[in-house]
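One structure is given here, and the rest of the page talks about it.
Readers should treat all values here as calculations from the given coordinates under stated rules, not as data from a laboratory. Quick caveat: nothing in here was measured; it's all calculated off a predicted structure. Don't worry about glycine lacking a Cβ; one is built from the backbone with ideal geometry, like all the others, and counts go over all protein chains shown.
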């Protein structure tokens with residue numbers, strides 16, 4: 001399957017909502033989807049890193065996928081992350097994603113027993129992608145989390161020969177030289193989804209057409225304006241807007257990173273996401289108010305439409 005390059009704009013990586021008891025709160029997804037649509041989001045990449053996939057059961061991941069597909073109702077392209085350390089589990093999740101009408105599947109590398117080469121990673125993914133043959137399949141490259149730093153260009157070359165539905169890569173890495181090579185590989189055969197929110201401008205300059213990120217959940221208008229500025233050639237304004245993103249990212253890093261801090265931001269915006277599952281720590285008594293004040297100091301709450 002040759003890449004159709006149909007993904008454009010911003011693809012949010014949603015948080016998995018939990019209720020007060022720590023159970024998956026599927027009803028919250030309905031309001032969540034409407035909020036993202038209102039912000040100009042074109043798709044969602046569910047049950048990935050931001051969605052705490054490694055902390056979810058197989059059944060929970062299926063229920064979350066079903067609810068997102070239903071809530072999106074064709075208005076968002078739903079990419080279901082099916083990756084993990086177990087091929088049978090990933091195959092089950094991939095087949096389920098195709099059955100419920102998802103747009104695509106994606107998978108990160110196994111991160112306990114790790115592949116030592118691009119060939120080993122391709123061989124791991126062949127049966128996973130084959131479980132949903134009608135859907136585009138994306139390799140989710142995030143070495144900072146998986147500890148797997150294989151040659152992605154070699155992976156795409158090899159995968160293109162043995163994975164018929166390999167569409168491309170979600171590239172969550174800051175090696176821009178490699179990213180440029182991927183964008184130009186085999187005359188642009190593969191889609192390269194930019195995965196580092198705080199350097200989206202760099203990815204766009206190299207030719208990326210779509211980005212997947214966690215901060216797109218709550219400041220999508222900033223990134224959409226960056227994309228517009230790049231199209232118009234207004235790099236000065238694009239740089240200014242990118243620095244707004246950087247300031248937001250600095251704050252969430254101080255509050256436990258993109259998943260923990262970002263989930264708290266969604267709660268502040270009225271989208272019930274609850275806390276994270278352990279080992280990520282719950283929020284302290286005064287921490288949310290401290291976060292709110294830090295966000296107010298950079299005029300964060302004026303950044304949504």
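Taking the criterion of being over 17 Å from the mean Cα position of the chain (by Cα), free of Cβ contacts under 8 Å to residues at least 24 places away in the same chain and under 16 Å from residue 145 (Cβ atoms), the residues of region 251-285 that qualify are 253, 279.
With respect to the conditions (1) touching a helix residue (DSSP H, G or I) at 6+ places or on another chain (Cβ under 6 Å); (2) assigned to a strand (DSSP E or B), residue 69 lacks only one, and its number is (2).
Scan region 1-26 for residues that are surrounded by fewer than 18 Cβ atoms within 10 Å (Cβ to Cβ), more than 20 Å from residue 132 (Cβ to Cβ) and touching a residue at least 24 places away in the same chain (Cβ under 8 Å) and the total you get is 5. Residue 214 satisfies every condition listed in (1) touching a strand residue (DSSP E or B) at 6+ places or on another chain (Cβ under 7 Å); (2) buried (at least 24 other Cβ atoms within 10 Å of the Cβ) except (1).
Residue 62 falls short of the stated requirement of being surrounded by fewer than 17 Cβ atoms within 10 Å (Cβ to Cβ) and outside any strand (DSSP E or B). For region 85-114, give me the residue count where each residue is out of contact with any helix residue (DSSP H, G or I) (no Cβ under 7 Å at 6 or more places or on another chain), under 13 Å from residue 66 (Cβ atoms) and surrounded by 15 or more Cβ atoms within 10 Å (Cβ to Cβ). Here the count works out to 1.
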